[in-house]
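To start, the structure under review is shown below, and the notes come after it.
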Amino acid sequence: MSDQSSSAVQGPSQAESEVVTLCSELIRFESVNTGDPDTIGDGEAQAARYIQQKLEEVGYETTYLEAVPGRGNVFARLKGSDPSRGALLVHGHVDVVPADPSEWTVHPFSGAVQDGFVWGRGAVDMKDMVAMMVAVARQLKAEGTVPPRDIIWAFMSDEEAGGAWGSQWLVTEHPELFADATEAVSEVGGFSVAIDDLRRAYLVAAAEKGVAWATLRATGRAGHGSFTNDDNAVTKIAAAVTRLGSYDFPLTMTATVRSFLDKVAGLTGMEFPEDDLEGHIAKLGNISRIVNATLRNTANPTMLKAGYKANVIPSTAEATVDCRVLPGSEDTFRQQVAEIVGPDIEIDWVWQPPLEFPFEGALVDAMSAALVAEDPHAHPVPYMLSGGTDNKAFARLGIKGYGFSPLKLPADLDFAALFHGVDERVPVDALTFGTRVLYRFLLTS
């Protein structure tokens, strides 16, 4: 690393001064992803064009791509000092889930900055990280700092619906954009959880459960609603959904979850006995919801579809089940689901596999060092994300992806509840902290 880079680590004041405004302005773009092409506007394109403008203002050459009109994706590259090293992909998504303004304290697309927070849909998922990325990218370019390796900045659409018009499409149609990338960082990791009044664990996502959306389909004999019917498709699908939704899959300990529990035990003195694992994890507080969800496979029914008139028994009925699958259990899980719902139920799968990477090596060391440099009481800990990210798409290219969106959070903030929740918001201090950490990390990764 050059002397210029070493001195620059001392204080990214430009990025810190911009990040709150960038986050607020990004939230004002209603880049809502309903998952239904007929109800999605051009908000993603507007947000992507905004980012493109901010990057080009400081001298980046950018690439803008749309899989279909309105689904914007923006890329830029910052050259590093060692071209022989694989590039680092730093990526984020510009789309957000819907929000009902009547339920919120502030309008979800106001980007209001008040009470020490930036408020709005996307504040933690994930326009906070996108704002940090843009702020740091702008500072690095403006000051002429050269990082150790090439950095690929990627801002994409459609993550909230699986990335078909974002990361998945880009990996299929434009793999050249990522040809030399070997590692990646993105959302839902690097956030703090209070251990005690002084120490904080920072959870870095080294694994993700697989996302498997199952469509269950039952067929039967159509007929008049007033007749008896022993071959009713609605009855079949209801019974299958009840069996699957109430089934407790067995506890399974993955390497990442075991490492998480071991490190937490070392920090706190807590024990996690196998005979009451979930009960002891519940003592971790709000974060226990995420951790307990990574102890087993899950299958949650989310949608039902059947019939077209009250007095007509339909010949088909469908249900959608959101399944989340642990690394190494994919084949067994599919077989279990088929056995649970029974032979009369057809199953169509939309599948994105689980990920798991070692919590070790130069990249992890750089994350840990950047956190400790900004918070001497930081203790980086690996964990498994119960959801999924665009890292799944990039894994198809052999890119190892980690969740590292650093935030130092108040001990009393229920961070997990803010994802897709009402009154989503991110602390201003956490944004500026994360910007400093991200800057340090990129200059040492």
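The values are calculated or read from the model by the stated rules, or taken from the named source; none is laboratory data. In this text the structure is predicted, and so the values were computed from the model without any measurement. Using ideal geometry, Cβ is built from the backbone for each residue, glycine included, and neighbour counts are taken over all protein chains shown.
With the requirement that a residue be surrounded by fewer than 19 Cβ atoms within 10 Å (Cβ to Cβ), farther than 23 Å from Ile287 by Cα and out of contact with any Lys or Arg (no Cβ under 7 Å at 6 or more places or on another chain), what does region 365-396 give you?
Asp365, Ala369, Arg396
Quick check on my filter: what residues within region 329-386 are of a type in the set (A, V, I, L, M) and free of Cβ contacts under 8 Å to residues at least 40 places away in the same chain? Even if it seems obvious, please write down each step before you answer.
Going through region 329-386, the residues of a type in the set (A, V, I, L, M) turn out to be 337-338, 340-341, 345, 347, 350, 355, 362-364, 366-367, 369-373, 378, 381, 384-385.
If the condition is that a residue be of a type in the set (A, V, I, L, M) and free of Cβ contacts under 8 Å to residues at least 40 places away in the same chain, then Ala338, Val372 are the ones that fit.
Can you confirm whether Val124 is surrounded by fewer than 24 Cβ atoms within 10 Å (Cβ to Cβ) and either among the β-branched types (Val, Ile, Thr) or outside the structural domain of Ser31 (by TED's automatic domain parsing) (or both)?
When the stated conditions are applied, Val124 does not pass them.
For region 171-192, how many residues meet the condition of being aliphatic (A, V, I, L, M) and surrounded by fewer than 24 Cβ atoms within 10 Å (Cβ to Cβ)? If you could, list the steps in order and put the result at the bottom.
First pass over region 171-192, keeping only residues aliphatic (A, V, I, L, M): 171, 177, 179, 181, 184-185, 188.
Next, from what is left, pick out any that are surrounded by fewer than 24 Cβ atoms within 10 Å (Cβ to Cβ): 171, 177, 179.
Adding up the residues that qualify gives 3.
Suppose the filter is assigned by TED's automatic domain parsing to the domain that holds Asp414 and not aromatic (Phe, Trp, Tyr); does Ala194 pass it? Talk me through it step by step, then tell me what you get.
Working: assigned by TED's automatic domain parsing to the domain that holds Asp414: yes; not aromatic (Phe, Trp, Tyr): yes.
The answer is yes for Ala194.
Go through region 141-184 and report how many residues are assigned to a strand (DSSP E or B) and under 24 Å from Val32 (Cβ atoms).
4
Among the residues of region 133-140, is there at least one that is touching a residue at least 12 places away in the same chain (Cβ under 8 Å), of a type in the set (D, E, K, R) and part of a helix (DSSP H, G or I)? Break it down stepwise before answering.
Of region 133-140, the ones touching a residue at least 12 places away in the same chain (Cβ under 8 Å) are 133-140.
Now restrict to residues that are of a type in the set (D, E, K, R): 138.
From what's left, part of a helix (DSSP H, G or I): 138.
Yes - at least one qualifying residue is present in region 133-140.
In the set Gly434, Gly387, Gly401, which member is out of contact with any helix residue (DSSP H, G or I) (no Cβ under 8 Å at 6 or more places or on another chain) and either farther than 17 Å from Met133 by Cβ or not in a loop (DSSP other than H, G, I, E, B) (or both)? Outline the logic, then answer.
Values: Gly434 fails: out of contact with any helix residue (DSSP H, G or I) (no Cβ under 8 Å at 6 or more places or on another chain); Gly401 fails: out of contact with any helix residue (DSSP H, G or I) (no Cβ under 8 Å at 6 or more places or on another chain).
Being out of contact with any helix residue (DSSP H, G or I) (no Cβ under 8 Å at 6 or more places or on another chain) and either farther than 17 Å from Met133 by Cβ or not in a loop (DSSP other than H, G, I, E, B) (or both) holds for just one of Gly434, Gly387, Gly401, which is Gly387.
What's the number of the condition Pro69 fails, among (1) part of a loop (DSSP other than H, G, I, E, B); (2) in contact with a His (Cβ under 9 Å, 6 or more places away or on another chain); (3) of a type outside the set (Gly, Ala, Ser)?
The one condition Pro69 does not meet is (2).
Return the residue satisfying two criteria in turn: it lies in region 230-249 and is out of contact with any Lys or Arg (no Cβ under 6 Å at 6 or more places or on another chain) and in a loop (DSSP other than H, G, I, E, B), and of such residues it is farthest from Val337 (Cα to Cα).
Pass one, region 230-249, residues out of contact with any Lys or Arg (no Cβ under 6 Å at 6 or more places or on another chain): 230, 232-248.
Filter again for in a loop (DSSP other than H, G, I, E, B), leaving 230, 232, 246-248.
Details: Asp230: 24, Asn232: 21, Ser246: 12, Tyr247: 10, Asp248: 11 Å.
For region 230-249, the residue satisfying everything is Asp230.
Is there any pair with a first residue in region 222-247 that is more than 26 Å from Asn297 (Cα to Cα) and a second that is surrounded by fewer than 15 Cβ atoms within 10 Å (Cβ to Cβ) and polar (S, T, N, Q) whose Cβ atoms are under 8 Å apart and which are 6 or more apart or on different chains, and what are they?
What qualifies is His224/Asn311; Gly225/Asn311; Ser226/Asn311.
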